[in-house]
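Notes follow the structure.
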Amino acid sequence: MKTITTHYIDGAFVEPHGRQVMDIIRPTDAELIGRVTLGDEEDTRRAIAAAKRAFATYSQSTIEERAAILRRLYEAASARADDLTAAMVEEYGGVVQFAGLIVQSGINAFQAAEAALQEIPWKRGWNKTTVTMEPVGVAGLITAWNANALFICLKLASAVAAGCTVVLKPSELSSIQTWVMVEALHEAGLPAGVFNVVTGLGTVVGAELVRNPDVAKISFTGSVAVGEQIMRDGAATLKRVTLELGGKSPTILLDDALLEQAIPSALIMAFLNSGQACAAGTRLLVPKSRLEEVKAAISVAMRSITVGDPADPSITVGPMVSDKQYDRVEGYIRKGIEEGAEVLVGGLGRPKGLEKGFYVKPTVFVHVTNDMTIAREEIFGPVLSVIAYDSDDDAIRIANDSKYGLHAAVLGTDLQRARRVASQIRSGRVVINNMTDDPQAPWGGFKYSGVGREYGQYGIEAFLEPKATLE
């Protein structure tokens, strides 16, 4: 059993002032696998003070010095990639193939930030005016539990590339994963105070970061409700904020789509990270003229969506992260049935033979209308709603009829038509025919899906302020 009793402040592993201890439960079998001592406000203030001291020097570092630090961070994290993946599988229940991709994506963020450093116009001028881009100050990084390694690396890479120092508050549900990550990044030998970590509750550690006047910037990934609270509470000290929040992502299947290709792609996007992904394509919009074909194709393709031990490479859906999340997803499945949607595949209850852990059945609802709860609220589990539409314009209307706007997909053979549809979706990112990625492309949402952008040049610029000097 893993016992975690220290936090990382001012370049060292230190005992916390906080005394609250939390159990770490393995989601595959609900067994106790560790305990973590959570930090409190005093620990957070100590970390902020260390970051503030370090900022005085680190903010003056050169682009070349920051690039060298990003290279060291990349090498340090790469050396522990297998350990990071194993921790995600055990503590979070992420299926091993996807966990490996998540970890590597996080590690690669350091390389992507180094490349983006060269693209930013750090200094511009005209007449006797010079504008320089300068780091905003101490940044509070608050991360979610569903892709711990990715969120930590991505936010840290952007912040240190900009010249900011940071205090990280990871999810307490990711304590083992965070411990492995911090051990790894410690080996990069960053200047003391540039990178600090306090694991604790959002209502304690997170709240102190948001209200503390010595923190200039908050970068948060998580729920809409917490994002709203951060904006409200951060206003008292005029916090700069980047919020990556929820999604109810539409996948529009056009009437010319090849179902043997499109349906497996749609299911992969729907059940991404066991459905515990803000980008998951949980609304599948299909033409009414092909609804019966689509239902038959889904029934066949779902045979390859396997549920079970996430350490098994053949498994595509693992457990929910906790019993609370299991109950939440089951509640939405029950709500869908009560509101009149038809269960095509899956339904209530644990899958056969998986009664011990927090497993739910991957579920596909058909005859869903866009006003149903399962079509409007983020479930954060392997639940897909199939919604029929009449025309391309109708599909676009339904896709945009959501308070969210994070991610979307369009599936079809006529690329010109697919691009035309994609251009009308109010979403921070739209993919065509595949769940593709680009580490330099901005990531973030419209509407309730957030404020600001991450990744590449856009992510670094979120930690910068322009300063004008006039003669």
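All of the numbers you see were taken from the coordinates with simple rules; none came from a lab. Predicted, not measured: the structure shown is a model, and the values here were computed from it. Please note: Cβ atoms are built from the backbone with ideal geometry, for glycine as well, and neighbour counts cover all protein chains shown.
Summary of values
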{"quantity": "For segment 171-207 and segment 433-470, distance of Cα centres in Å", "calculated": "23 Å"}
{"quantity": "Segment 1-96: trypsin sites (Lys or Arg not before Pro) in DSSP coil with no more than 13 other Cβ atoms inside 10 Å", "calculated": "Arg19"}
{"quantity": "Helix runs (DSSP H) in the chain reaching 20 Å along axis by Cα, Kyte-Doolittle at least -1.0", "calculated": "41-58, 63-78, 96-117, 148-162"}
{"quantity": "Furthest towards positive pole of dipole, Gly347, Ala49, Val167, structure part the chain, Cβ charges", "calculated": "Ala49"}
{"quantity": "Length-normalised contact order of segment 41-114 in % [C-alpha pairs under 8 Å, at least 6 apart]", "calculated": "35 percent"}
{"quantity": "Point-charge dipole on Cβ atoms (K/R +1, D/E -1) for the chain, about Cα centre, debye to 20", "calculated": "820 debye"}
{"quantity": "Anchor Lys169: lysines whose Cα lies under 24 Å away (excluding residues fewer than 8 positions away in-chain)", "calculated": "Lys2, Lys52, Lys155, Lys217, Lys239, Lys324"}
{"quantity": "Evaluated over the chain, the Cα radius of gyration and Dmax, each in Å", "calculated": "22.5, 75"}
{"quantity": "Cα Rg, Dmax, segment 368-444, angstrom units", "calculated": "13.0, 36"}
{"quantity": "Rel. contact order, % - alpha carbon contacts under 8 angstrom, at least six apart, the chain", "calculated": "18 percent"}
{"quantity": "Dipole of the chain, positive direction: furthest Cα of Ala236, Leu32, Ala395, with charges on the beta-carbon", "calculated": "Ala236"}
{"quantity": "Segment 230-283 versus segment 40-114: alpha-carbon centroid distance in Å", "calculated": "24 Å"}
{"quantity": "Exposure proxy order (Cβ contacts within 10 Å, fewest to most) of Tyr455, Tyr332, Tyr404", "calculated": "Tyr332, Tyr455, Tyr404"}
{"quantity": "Fewest-first ranking of Met269, Met133, using other Cβ atoms within 10 Å as the exposure measure", "calculated": "Met133, Met269"}
{"quantity": "Residues Ile33, Ile4, sorted so that the one with the fewest Cβ neighbours within 10 Å comes first", "calculated": "Ile33, Ile4"}
